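Student: Take a look at the following structure, please.
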Amino acid sequence: MEPCAIIDPRLSEKIVKNLHSAGFRTIPAPLTDLVDLPLSGHPDIQMFMHRKNLFVHPEIDLSFLKAVERYVDIIQGQTRLNNIYPEDIPYNIACTGRFAFHRTQSTEQKILEYFKQNDIEIVETKQGYTKCSTMIVDDHSIITSDRSIHTASKRAGLDALLISPGYIDLPGYSYGFIGGASGKFMNTIYLTGSIDNHPDCGKIIEFIESKGLQISILSDQKIIDGGSIFFIG
């Protein structure tokens, strides 16, 4: 079975074409009117994935569930999304494998139970949008522009690179975030576009490559926050 990539349906044709060329089937996340329009197709707002367990909000489109059911175990959450922060963050969780970073008073209860059952330590952060704010490089390493996540991850013993905020597009907002502009499959970090204009471009590339990983740029356009790419293999 070919691996797949869950993406915002509004990502460019170029990004989709390059994902197909890399051997992935693309599955567009549904658009929802429960959150602000710029976030309405973001996978990391509507779902949380760990290994092959996919937690989704209770009103997610059923046709999407049909498209992904052969790839993952689907767990329907209890928390309804809303466009008022923090009611849009219950599923937007950064998880390295051993640690999960989130504003835990807003975390979907079934995900909290899953973390407890699987001995995943929950690290409290002030930032609620931890998934879009955090690139998970590997189980021990992250990249983020958020100081609270950086501090919490260093305290947990992770190798964390703090980068300058901004320089990533997110239509409708001043800027987007590195986690939402990327995804990882096997030994490759996929970026939605070019980071040549990011002041920390060299540091980002060096950090990723120092972990033995490759980088694939999916578009020659400026990097864009599309709510993360969720790869399933």
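Taken together, the values in this text are just the output of simple stated rules run on the coordinates, not laboratory data. As the structure is a computational prediction, the values presented were derived from the model and not from experiment. Counting neighbours? That spans all protein chains shown, and the Cβs are built from the backbone with ideal geometry, glycine included.
Student: Looking at the chain, what % of its DSSP beta bridges pair antiparallel, to the nearest 5? Don't jump to the answer; show the numbers that get you there.
Tutor: Numbers: 17 of 39 bridges.
Given both bridge residues lie in the chain, the antiparallel proportion sits at roughly 45 percent.
Student: Still on this structure, please answer the following. Quick one: check the C-alpha center-to-center distance for region 1-48 versus region 179-202, whole angstrom.
Tutor: 16 Å
Student: Sorted by mean Cβ packing within 10 Å, highest first, what order do the peptides 32-40, 195-203 take?
Tutor: Output ranking for 32-40, 195-203: 32-40, 195-203.
Student: Could you pull out every one of the aspartates and glutamates with an alpha carbon less than 15 Å from that of LYS211, ignoring same-chain neighbours closer than 8 positions?
Tutor: Here the aspartates and glutamates satisfying the reach criterion relative to LYS211 are ASP138, ASP139, ASP159.
Student: Still on this structure, please answer the following. Estimate the FRET efficiency between LYS222 and GLN78 by the formula 1/(1 + (r/R0)^6), using the beta-carbon distance for r and 22 Å for R0, to the nearest 0.05.
Tutor: Values: r = 38 Å, r/R0 = 1.71.
Calculated value: 0.05.
Student: Further question on the same structure: GNM on the chain, C-alpha springs below 10 Å: top fluctuator among PRO58, PRO43, PRO28?
Tutor: PRO58
Student: Shifting gears a bit: Distance cut-off 22 Å, Cα to Cα: go down the list LYS154/LYS222; LYS52/LYS110; LYS126/LYS184; LYS131/LYS222 and report the pairs above it. It would help to have the intermediate numbers written out before the result.
Tutor: Details: LYS154/LYS222 29 Å; LYS52/LYS110 15 Å; LYS126/LYS184 25 Å; LYS131/LYS222 20 Å.
Over 22 Å Cα-Cα: LYS154/LYS222; LYS126/LYS184.
Student: For the chain, count the residues as N, evaluate 2.2 N^0.38 Å, and divide the Cα radius of gyration by that value, please. Kindly include the intermediate steps, with their values, before the conclusion.
Tutor: Working: Rg = 16.1 Å, N = 233, 2.2 N^0.38 = 17.5 Å.
Here the Cα radius of gyration is 0.92 times the empirical estimate.
Student: Counting other C-beta atoms within 10 Å, and keeping those with at most 14, which DSSP coil chymotrypsin sites (Phe, Trp or Tyr not before Pro) do you find in region 86-160?
Tutor: Details: sites: TYR91, PHE99, PHE101, TYR114, PHE115, TYR129; in loops: TYR91, TYR129.
Hits after loop and neighbour filter: nothing returned.
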